[in-house]
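For reference, the structure discussed in these notes is given below.
The values are calculated or read from the model by the stated rules, or taken from the named source; none is laboratory data. Owing to the predicted nature of the structure, the values given are computational and were not obtained by experimental measurement. Cβ placement follows ideal geometry from the backbone for every residue including glycine, while neighbour counts extend to all protein chains displayed. These accessible areas exclude ligands, DNA and RNA; they are computed on the full protein's heavy atoms, side chains included. Shrake-Rupley method; radii C 1.70, N 1.55, O 1.52, S 1.80 Å.
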Amino acid sequence: MLPDIRLIFLIFSGLAAGGVIAAGIFAFLAVIGVFPRLIGRTKTRKHVWLYETFIIAGGTLGNLADLYEVPLHLGNVAGTIFFLVFGLSVGIFVGCLVMSLAETLNALPVLTRRIHLATGFQYVILAVAMGKLAGSLAYFLCGIGSG
């Protein structure tokens, strides 16, 4: 018995769309300079192959984890530690991504001119980060906004 043509089309279009989106995201990250900026800031140019390996492995493992939804039975303490480390890592990456994008688009100089801010811009960034943290905690811990 042959598989249904609609199922074959659905599988093909899903894989093709996922591949295009993944390629676009990695190209976007490379174009705005997230990875070169991190390498330059940490002065770890000699370990570029390690960055490349972890970027590829992270994308691949992230896709597999999303597709197959493998449960992690880590226990209470180990699970909490895992998610703290994971959340911190994702937060740092997103922060680097946002700052690279803002720098690429020259958004920071425009913002400082518009709000007439000569000094203390680091406090504006810290306030935005703390607001994001507070909103995330309200959403995840208190269930505010989850419907």
**OP:** Tell me which residues, restricted to the range 13-56, are over 17 Å from L101 (Cβ atoms) and open to solvent by 90 Å² or more (accessible area, probe 1.4 Å).
**Re:** L15, V20, I21, K43, R45, K46, W49, E52, F54, I56
Subject >> In the range 72-93, the residues that are open to solvent by 100 Å² or more (accessible area, probe 1.4 Å) and either outside any helix (DSSP H, G or I) or in contact with a Ser or Thr (Cβ under 7 Å, 6 or more places away or on another chain) (or both) >> reply: L72, H73
**OP:** Please work out which residue is farthest from L15 (Cα to Cα), limiting yourself to the range 62-71 and to residues that are without any contact (Cβ under 8 Å) to a residue 40 or more places away in the chain and open to solvent by 50 Å² or more (accessible area, probe 1.4 Å).
**Re:** P71
Original post:
Which condition breaks for I115 when tested against (1) surrounded by fewer than 10 Cβ atoms within 10 Å (Cβ to Cβ); (2) within 22 Å of the chain's Cα centre (by Cα)?
Top reply: (2)
Original post:
Checking G59 against (1) among the small types (G, A, S); (2) closer than 24 Å to G18 by Cα; (3) loosely packed, with under 11 Cβ neighbours inside 10 Å, which single condition isn't satisfied?
Top reply: (3)
